[in-house]
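The values are calculated or read from the model by the stated rules, or taken from the named source; none is laboratory data. Bear in mind that the values here come from a model prediction, so they are computed numbers and not experimental data. Neighbour counts run over all protein chains shown; Cβ positions are idealised from the backbone, glycine included.
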Amino acid sequence: MAVKRPVRSRPIRVFLISMFAVPLVSLLALYGFAASITISNAVSDHEYNESATALISGVRGLIIGLPQERVQSYLWLIGGGTASKTALVKARQLVDGEVPAVRAALNAQQGRLSPQSRLALSTVLTELGQLGKTRTAIDSGAMSPTAAFGVYDSIIDHLFVYFDTSVQDRGASLTGISVGASDSGYAFEMTTREIALVGGALLDHGQMSAAARTLFASSVANRHLLLNEALALMTPSLNAPYVSLQNSPAYRQFQTMESQILASTSRTVPVKAGAFQSVSLAVLGVMEKAQLDSADQLTAISASRSDQLVTEAALAGGLGLAAVAASVFLLVWFGRKVTRDLGGLNDSVRSMADERLPRVVDRLRRGDDVDVAAESPPPATSTIQEISRIAESSPPPSTRPGCARESTRFS
């Protein structure tokens, strides 16, 4: 005959913990995942705001100074080196005064950059280090006007490459808008290139060399491309100044003049100096103001978004943690209550079976009058319905008249 294996019993607390462990762990995992994403975004945006503010303040002088030195170098070379170098020297001093701050600001970003961004940054720093050789070649007349122009273009181009890649490295919530703002700044830079090249031609009796015409055509094409990309990426409020500019008479006249230059097959630029200067200054003034306004708006939007993400992170962390704490509290409270009620029921039934009922039976055997209901009260009920039903299903011995005597008869 097979021996029946004894059933292993465990405390109800073990079953309760097992029952609640899976949903509680799932809740903790979901909370941790949601909180990590929210907090990560908040930290990313906060770091972006700090690094972008530091970077902009560090390179703003260079972004202003390099185009000035470029145009002054270009005009001085076109003039055959006979004009005064006062403006050129002043532009160089401006750049030299900004380079240390630029190096510090750029180097401070190294730890957050991808290999592509580090390469762009390294290129910028290398080119800035070679600026002295370029100036020497300019002063000696060993470098052509367009070659000098291209050197400064290269430095500024790599600066904007670095801006775009570093923004994408940070992965902030305003990446697209930030790239759009950078593109609008780059479009402004292309406009200054066009104006400088035409200005050089007008200084040279209206003559534009083939190399300068190539640079001019490239600048025009890039300006249109960059401005279209900026308008596609930026918000309507950031776009508004540029949309207004494109619809202005000055901008339309500026486009007409650049189209005439591009279509011309003669070395002589088909524009009048006074008209071009008036129109170009109007366009540059509007674009410069739009740049400053968009920078302020982007800073405000970024700060607002960062504050919002920090608030969301705090709410997600606080409310999520509160929910987890409440779940743990309810688990512990319910486990203790079920354990206490079932333990009380078990103790009551055991006491009835092992102590009170045997004592009542002994008294009945002796012929004593016994109040059975008082001697063996029913187990205490519970607010848990199932436990209450178990307690109610264990009634005390009947208290009908004659029950005590009948009990002695059968004992």
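What tally of residues in region 225-243 results from selecting those that are in contact (Cβ under 8 Å) with a residue 24 or more places away in the chain and loosely packed, with under 14 Cβ neighbours inside 10 Å? Walk me through how you get there before you give the answer.
Within region 225-243, the subset in contact (Cβ under 8 Å) with a residue 24 or more places away in the chain is 226-227, 229-235, 237-238, 241-242.
Filter again for loosely packed, with under 14 Cβ neighbours inside 10 Å, leaving 232, 237.
Count: 2.
Could you go through region 128-145 and let me know if any residue there is surrounded by fewer than 16 Cβ atoms within 10 Å (Cβ to Cβ), of a type in the set (Lys, Arg) and not in a helix (DSSP H, G or I).
no
Please enumerate the residues belonging to region 353-381 that are surrounded by 13 or more Cβ atoms within 10 Å (Cβ to Cβ), in a helix (DSSP H, G or I) and at pLDDT below 70.
Answer for region 353-381, where residues must be surrounded by 13 or more Cβ atoms within 10 Å (Cβ to Cβ), in a helix (DSSP H, G or I) and at pLDDT below 70: 372, 373, 375.
On the basis of being of a type outside the set (Ser, Thr, Tyr) and at pLDDT below 90, does residue 267 make the cut? Steps first, answer last, please.
Details: of a type outside the set (Ser, Thr, Tyr): yes; at pLDDT below 90: no.
Taking the combined requirement at face value, the residue does not satisfy it.
Here are some residues: 122, 166, 114. Which one is modelled with pLDDT under 90 and surrounded by 20 or more Cβ atoms within 10 Å (Cβ to Cβ)? Full working, then the answer.
Values: 122 fails: surrounded by 20 or more Cβ atoms within 10 Å (Cβ to Cβ); 114 fails: surrounded by 20 or more Cβ atoms within 10 Å (Cβ to Cβ).
Result of the check over 122, 166, 114: 166.
Out of 176, 180, 199, 185, report the one residue that is buried (at least 22 other Cβ atoms within 10 Å of the Cβ) and in a helix (DSSP H, G or I).
Working: 176 fails: buried (at least 22 other Cβ atoms within 10 Å of the Cβ); 199 fails: buried (at least 22 other Cβ atoms within 10 Å of the Cβ); 185 fails: buried (at least 22 other Cβ atoms within 10 Å of the Cβ).
Of 176, 180, 199, 185, the one residue that is buried (at least 22 other Cβ atoms within 10 Å of the Cβ) and in a helix (DSSP H, G or I) is 180.
Among the listed residues 91, 105, 101, 87, identify the single one that is touching a Leu at 6+ places or on another chain (Cβ under 9 Å), farther than 22 Å from residue 185 by Cα and in a helix (DSSP H, G or I). Walk me through how you get there before you give the answer.
Details: 91 fails: farther than 22 Å from residue 185 by Cα; 105 fails: farther than 22 Å from residue 185 by Cα; 101 fails: farther than 22 Å from residue 185 by Cα.
Result of the check over 91, 105, 101, 87: 87.
Please determine whether any residue of region 271-283 is part of a loop (DSSP other than H, G, I, E, B), within 28 Å of the chain's Cα centre (by Cα) and buried (at least 18 other Cβ atoms within 10 Å of the Cβ).
We begin by selecting, within region 271-283, every residue part of a loop (DSSP other than H, G, I, E, B); these are 271-272.
Next, from what is left, pick out any that are within 28 Å of the chain's Cα centre (by Cα): none.
No, region 271-283 contains no residue that is part of a loop (DSSP other than H, G, I, E, B), within 28 Å of the chain's Cα centre (by Cα) and buried (at least 18 other Cβ atoms within 10 Å of the Cβ).
Within region 282-301, is there a residue that is among the β-branched types (Val, Ile, Thr) and farther than 25 Å from residue 200 by Cα? Don't jump to the end; show me each part of the working.
Keep residues of region 282-301 that are among the β-branched types (Val, Ile, Thr), which gives 283, 286, 299, 301.
Still in the list and also farther than 25 Å from residue 200 by Cα: 299, 301.
Yes; the residues of region 282-301 include at least one that is among the β-branched types (Val, Ile, Thr) and farther than 25 Å from residue 200 by Cα.
Give the residue, chosen from 121, 125, that is part of a helix (DSSP H, G or I) and touching a Phe, Trp or Tyr at 6+ places or on another chain (Cβ under 8 Å). Before the answer, list the steps.
Working: 125 fails: touching a Phe, Trp or Tyr at 6+ places or on another chain (Cβ under 8 Å).
It is 121.
Can you name every residue in region 65-84 that is on the phi < 0 side of the Ramachandran plot and assigned to a loop (DSSP other than H, G, I, E, B)? Show your work before the answer.
The initial filter retains those residues of region 65-84 that are on the phi < 0 side of the Ramachandran plot, namely 65-79, 82-84.
Passing the criteria: 79, 82, 83, 84.
Kindly list, by first and then second residue, each pair from a residue in region 332-360 that is assigned by TED's automatic domain parsing to the domain that holds residue 371 to a residue that is polar (S, T, N, Q) and surrounded by fewer than 16 Cβ atoms within 10 Å (Cβ to Cβ), limited to pairs with Cβ atoms under 7 Å and residues at least 6 apart or on different chains.
Taking only residues 6 or more apart or on different chains, the pairs are 349/394.
So if I check each of 267, 252, 193, 223, which one is touching a strand residue (DSSP E or B) at 6+ places or on another chain (Cβ under 9 Å) and basic (Lys, Arg)?
Details: 252 fails: touching a strand residue (DSSP E or B) at 6+ places or on another chain (Cβ under 9 Å); 193 fails: touching a strand residue (DSSP E or B) at 6+ places or on another chain (Cβ under 9 Å); 223 fails: touching a strand residue (DSSP E or B) at 6+ places or on another chain (Cβ under 9 Å).
None of the others qualify; the one that does is 267.
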